[in-house]
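**Student:** A single structure is presented below for examination.
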Amino acid sequence: MNKDQLMDLKNEYEAVCMSDVQLHQLQKKLYETKQKKQGSIGKHRWIPAAAGVVAAALALCILPNCSEVMAKKLGNVPGIGGFFRLVTIREYAYHDGMQEAEVHVEGITADDGSVQGEQAIEAQKEGAGVVNEDMEALTEKWIGKFKKQLKKNGYHGLTVSSEVVCSTGDYFTIKLTAEESQADTYVENHFYTIDLRTGKRMALKDLFDKDSDYVGQISTNIKEQMREQMAENEDISYWLDDKEMPENDFDRISEDEEFYIDDENNLVICFQEGDVAPMYMGSVTFTIPKDVLQDIRVR
């Protein structure tokens with residue numbers, strides 16, 4: 001199956017759209033299949049090459065054309081140009097019947113086959129290097145913490161993974177997630193957004209002019225969303241309007257709050273578990289309406 005045939009398959013099925021859950025399941029199946037094929041390479045040396053073509057065809061048939069980056073969530077499928085491709089930067093596994101860890105982290109590198117200019121590609125490579133370095137440092141921290149737990153009694157689990165969140169014409173975001181399990185489970189997310197025009201990793205404050213009150217206005221909108229959600233659903237709770245312990249109430253986001261830009265160019269603010277709500281609420285996010293940002297000067 002050549003490149004033209006694969007592109008024909010993509011065009012035929014470009015209207016099909018998968019959910020994030022379906023995409024995650026597909027990624028997992030392809031990864032498991034790859035591991036099995038590698039284990040049998042001695043018996044069937046032709047399988048890895050064939051499996052690569054099949055995986056590319058499957059990805060082109062199933063992945064949606066909802067955004068340019070979706071086709072690259074499986075690692076920049078052959079025949080599809082893009083800004084970045086995924087590269088494995090850390091793997092670790094441990095199982096002893098009581099403690100267990102599964103770490104598979106993919107970072108990013110600029111796609112040399114991109115139609116962009118050489119200067120843009122080099123800038124994106126530099127930005128990708130900064131992101132990968134930080135992802136590796138956090139991953140090593142979590143692995144180090146897990147290894148210390150091996151000396152203690154009781155169960156301890158660790159899962160670390162990464163995934164592409166989205167890409168717009170201007171921004172690209174990859175997420176690093178760690179799930180630590182002991183008596184309870186705690187999930188920690190970190191979002192890395194790169195400005196595709198400069199290749200630099202963006203902090204939230206980099207999106208706005210220095211004299212704009214983005215912290216205050218975004219914080220006010222988040223509080224409004226919290227109150228609306230709690231009024232509509234009694235099972236939803238946030239640290240807000242607590243008459244007994246008002247000192248614990250959510251007040252303002254930080255200048256470097258976790259965020260990403262979604263496929264519709266909306267700003268999404270992301271909180272860690274327990275930051276603004278009880279732990280059972282998990283990691284909560286808030287999409288900031290565009291009319292709110294219209295009142296804030298954006299770079």
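Rule-based calculations on the coordinates, nothing more; no lab input. Keep in mind the model is a prediction, meaning the values are calculated, not measured. Here the Cβ positions follow ideal geometry from the backbone for every residue, glycine too, while neighbour counts run over all protein chains shown.
**Student:** As an exercise, use a Förster radius of 51 Å and the Cβ-Cβ distance of His95 and Asp213 to find the FRET efficiency, rounded to the nearest 0.05.
**Tutor:** It comes out at approximately 0.50.
**Student:** Quick one: if you stick a label point 7 Å off each Cα along the C-beta vector at Glu136 and Asp262, how many nm between them?
**Tutor:** A separation of 3.4 nm, rounded to one decimal place.
**Student:** Normalised by the residues of region 82-202, what does the relative contact order come to in percent, with Cα pairs under 8 Å and at least six apart?
**Tutor:** 24 percent
**Student:** Checking the a/c ratio against 1.5 first, then a/b against b/c, what shape does the Cα gyration tensor give for region 134-243?
**Tutor:** It comes out oblate by the Cα gyration axes.
**Student:** Assuming R0 = 45 Å, can you tell me the calculated FRET efficiency for the pair Glu122 and Lys290, based on Cβ-Cβ distance, to the nearest 0.05?
**Tutor:** Plugging the Cβ-Cβ distance into 1/(1 + (r/R0)^6) gives 0.85.
**Student:** From the C-alpha coordinates alone, can you work out the Kirkwood hydrodynamic radius of region 160-299, in Å?
**Tutor:** Here the Kirkwood hydrodynamic radius works out to 16.2 Å.
**Student:** R0 = 25 Å: FRET efficiency of Thr88 with Asp206, Cβ-based, nearest 0.05?
**Tutor:** 0.30
**Student:** Suppose the chain between Asp170 and Tyr155 were pulled fully straight at 0.36 nm per residue; how much longer would it get relative to their current alpha carbon spacing?
**Tutor:** 1.0 nm
**Student:** A 28 angstrom limit on the alpha carbon distance is what I want to check against. Which of Lys125/Lys205; Lys125/Lys290; Lys145/Lys210; Lys125/Lys223; Lys141/Lys290 exceed it?
**Tutor:** Lys125/Lys290; Lys145/Lys210; Lys125/Lys223; Lys141/Lys290, as the Cα separations exceed 28 Å there.
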